[in-house]
Amino acid sequence: MRGIIRYSLNNKLVIWLLTILVTAAGIYAGLSMKQETLPNLEVPVLTVTTVYPGAAPEEVADRITGPLEQKVRSLDGVDVVSSTSMENVSSIVMEYSYKKDMDKAVSEVKEAVADFVLPSGAQETKVSKININAFPVVSLSVAGDKQSLDELTRQIESDLLPAL
C-alpha cells in the first residue's frame with residue numbers, strides 16, 4: 001500500500017492522466033448507453049372494467065361484477081380472478097400464466113362478455129391488457145396561488161405543453 005501512495009505522490013502527471021482517461025471513458029459509456037431501463041415485458045394480466053353511473057357498490061356487485069366474474073372465471077388459462085365493486089365501477093382482474101398468448105386471451109374475454117346484457121345506464125364493458133411500457137416516465141404537477149384552476153389549466157396547455 002505504501003508503494004502505491006509513494007508512486008502516486010511522485011508521479012502526479014500519471015495520476016492526472018488516469019483521472020482524465022477514466023472520466024472520458026465514463027462520459028462516453030454514459031452517452032452511448034441504451035436509454036431504455038425496463039425491458040419490453042408483457043404481463044399476463046387483463047382487466048375487465050364496466051362503468052355504471054349512479055349505482056351503489058352492492059348494486060354493481062349484484063348486477064355486473066358477479067355475473068361477469070362467473071363468465072370469465074371458466075375461460076381457458078385463467079389462474080386467478082379477483083374483483084372489486086365500487087360506487088359506479090366494476091373491476092375484474094384476471095391473471096394468466098406467462099405461456100398464454102395475451103392477444104388471444106383478450107379476444108376470448110371479449111367474446112365471453114359480448115353476450116352479457118348490461119343494466120340500463122351502464123356503459124360498455126372494456127377489456128384491456130396491463131402494459132408496463134404505458135406507465136409514465138415522469139409525472140408533473142403544477143400549483144398556483146394567484147390563478148384559478150381554469151386559468152392555470154389554460155396557461156399550462158398553451159405555454160408548458162408545447163414546450164415539453
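Could you go through region 132-144 and let me know if any residue there is open to solvent by 30 Å² or more (accessible area, probe 1.4 Å), without any contact (Cβ under 8 Å) to a residue 40 or more places away in the chain, farther than 30 Å from Leu164 by Cα and more than 21 Å from the chain's Cα centre (by Cα). Checked region 132-144: no residue is open to solvent by 30 Å² or more (accessible area, probe 1.4 Å), without any contact (Cβ under 8 Å) to a residue 40 or more places away in the chain, farther than 30 Å from Leu164 by Cα and more than 21 Å from the chain's Cα centre (by Cα). Here Val109 fulfils each of the conditions (1) of a type in the set (A, V, I, L, M); (2) within 22 Å of Val51 (Cβ to Cβ); (3) over 24 Å from the mean Cα position of the chain (by Cα) apart from (3). Residues in region 56-99 that are touching a residue at least 40 places away in the same chain (Cβ under 8 Å), buried (at least 18 other Cβ atoms within 10 Å of the Cβ) and not in a helix (DSSP H, G or I): Val89, Ser90, Ile92, Met94, Tyr96.
The values are calculated or read from the model by the stated rules, or taken from the named source; none is laboratory data. Not measured: the values here are computed from a predicted model. Ideal geometry is used to build each Cβ from the backbone, glycine not excepted, and the neighbour counts take in all protein chains shown. These accessible areas exclude ligands, DNA and RNA; they are computed on the full protein's heavy atoms, side chains included. Shrake-Rupley method; radii C 1.70, N 1.55, O 1.52, S 1.80 Å.
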